[in-house]
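None of the figures in this text is laboratory data; all of them are computed from the coordinates on show. These numbers were taken from a predicted model, which means no experiment stands behind them. When we count neighbours, we look across all protein chains shown, and the Cβ atoms used for this are built from the backbone with ideal geometry, even at glycine.
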Amino acid sequence: MGSISAISRATDYLDIFTVGLDGHIYTAYWNPHSGGWQGFNRVGDLKVPRKATVTAIPHAYGAMYIFAVDENGRVCGNQWNQHDPNSFDNGSWDGWQQIEGMTAPPGAYVGAGSSSPFSIDLFVCCADEKVWHIYYHPRRGGHNWRGPWAQLLPAGISVVPSSPVNAVSRSDGWLDIFLTDKDGRVMSASYYYQGKKWNGWWNLLSGRARPGAAVTACVRAPDQLDIFVVNVNGNVCTAAWNPGQTDGWHGWWEVGSETKFPSGGWITAVSRSRDMLDIFGVDESGRTVTAWWSPGANAWSSFRQINNGGAHAGLPLTSVSRRQDYLDIFVVGTGGDKVHSAGWAPENTDWWHGWWGIGGDFSAAVTWGKYRLYLHTLAIHEIRSRYNDTLHISTAAAVGGRTPIKTYRYIGDQKPGTLELGDGEVMDVEDDDVVVFSYAIVNNGHESRPVIERRLKQALEVVVSKGSNAAVGIAKEAIASAIGAAVGGAIAGGVIVPIIGSALGALAGWLSSEGVGILFKDCDGPVASGVHAFKGSELRAKLANSKTGTEVLGKDRAPTSDVAGDFGCGAPSDYEVFYAVQRA
């Protein structure tokens, strides 16, 4: 668990939702008559991955809907119905139901928006790398979901499975959605009820961020849109649209560039009164911070820490306005066992008030993390070729048998020296999960880059897929031999190979075999390769006291013993690869 969802379904009413250690969904509430926060109380028997986010949306007449994807991949919803129209406290949950038979990656984010008081639109990024959509509108005879689910504008876009889609309504009948696609493009699409169709996708002002990064949207006045995203450099960037701008979106502008956030980290935004904007996040140092913009301002404020608050870097610092000019924020603290809240009101002349713990003995421990395993530095002591090595780098990582995440980069001609790399992708890792991370670096100046990219990714996918499947549910001390047996069966005909660590000897021949088929001519050949396995709890412990959020995990020294002397090549290559973990 690591995030809180919060809504205000009536003036001075607050409802929050989260996932407990047991994988069940819990809620707490506050209103002027409740005598403080009440809860946490379990909402039914649905079980979801502990890293899942519960999406909440207000509905008509004090009702509300919540959505989540359970541990079996079912997209489910539950509605709170108000029994007494004069009392927002008197109601009950209908119970969890799968929505029109839809399945998605377990724990995937469910985006929700409403273009009218009675309608709801849902969006999920699925394993086919497309956005799937369905909408709800009451009608006689029941069956209010207007299904079936369908791909939304599938042409021209591929998305990161499970990544967030943010939806907002800028005025009645309009709905706009935002996301960052698989290529790192900040994208948008929109719907207007009179046209009765979706339009898009558009890459907004050529904006880019980490693939799958959250793009937060906020409406501060009718027909006024503001969006926020953390770019690849860790800066918060914003863009804006209104009907008076005949040339479309304006931006991008950086907000508080002196404050850095994990690339792709969450920024939340709220408008507490017309044309006011407040944004919130947890920066790379783990500080809970805020910045704001008001109508008379020429620029955004800088970020300020809220009452010395702290949380895990990049987590959502959830924000909501329960009445005009009032703000409430929620986050799981660094201890990982308590939901904390702070509040701001215009009568508070001394800044924010809080933090306060919510929920008594309720345990909301953070038992997962977002990590990026990546290649940190490459030290080239000897090259394989006579003058330059032409380098291609590919990485792959898999967690508990899930679909591997793969990268490729062409480095080009290199001589002995040191390179800063950074190749790798972000993944969600439970403490009990085993992550298998593999990489291969080859010298190849003869074959085309697309062919090398495809074959390197295919090869490493086999390694991490078989390795991570073999490591599920076994003791730490048995992981190395289990992965060696599984991967050895794939690349060495059933032989158990010493696969953990530098794997150049185990993988070199296989990369040029019929199974992979990378052609190596003259002085070409693999120069470095490695396979490593980590428990999620190891990564958490490694970063627990990190001041930078990045730690080197180890290094592989990969000297080769072959000399292609007949071709006038250089000495046997000698590469040293440092690999690291970063809190994302």
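Assorted remarks:
- For the stretch 28-38, 3J(HN,Hα) computed residue by residue from phi via the Karplus equation (6.51, -1.76, 1.60; θ = phi - 60°) reads 9, 9, 9, 7, x, 9, 7, x, x, 5, 10 Hz, glycine and proline entered as x.
- Cα gyration tensor shape of the stretch 16-133, rounded if a/c is under 1.5, else prolate or oblate by comparing a/b with b/c: oblate
- Computed from the Cβ-Cβ distance with R0 of 22 Å, the FRET efficiency linking GLN305 to THR349 stands at 0.75.
- Whole-Hz ³J(HN,Hα) from phi, Karplus 6.51 cos²θ - 1.76 cosθ + 1.60, for the stretch 246-253, glycine and proline x: 6, 9, x, 5, 10, x, 7, 10
- Subset of LYS370/LYS457; LYS260/LYS542; LYS51/LYS466; LYS370/LYS542; LYS51/LYS338 violating a 18 Å alpha-carbon distance limit: LYS370/LYS457; LYS260/LYS542; LYS51/LYS466
- Applying 1/(1 + (r/R0)^6) with r as the Cβ-Cβ distance of THR550 and PHE118 and R0 = 56 angstrom yields a FRET efficiency of 0.70.
- Long-range amide H partners of ARG210 with built H, under 5 Å: VAL232, GLY264
- Amide H contacts of LYS338 (H built 1.01 Å from N, in plane; Pro and chain starts excluded): GLY333, ALA364 sit under 5 Å, all sequence-distant by 5 or more or on other chains.
- Ordered by the number of other Cβ atoms lying within 10 Å of each residue's own Cβ, fewest first, TYR109, TYR65 fall into the sequence TYR65, TYR109.
- Here the 3J(HN,Hα) profile of the stretch 54-63, calculated from phi with Karplus coefficients 6.51, -1.76 and 1.60 at θ = phi - 60°, is 8, 9, 10, 8, x, 10, 5, 6, x, 7 Hz, Gly and Pro shown as x.
- Judged by the ratio a/c of the largest to the smallest principal axis of the C-alpha gyration tensor, the stretch 258-359 counts as oblate, that ratio being 1.5 or greater while a/b is no larger than b/c.
- Prolate/oblate/rounded label for the stretch 109-226 (Cα gyration tensor, a/c 1.5): oblate
- Panel order for TRP93, TRP201, by other beta carbons found within 10 Å of each beta carbon, from fewest to most: TRP93, TRP201.
- ARG220, ARG208 arranged by Cβ crowding within 10 Å, fewest neighbours leading: ARG208, ARG220
- Under-5 Å amide H pairs with MET64, H placed in peptide plane, nonlocal only: HIS59, TRP80
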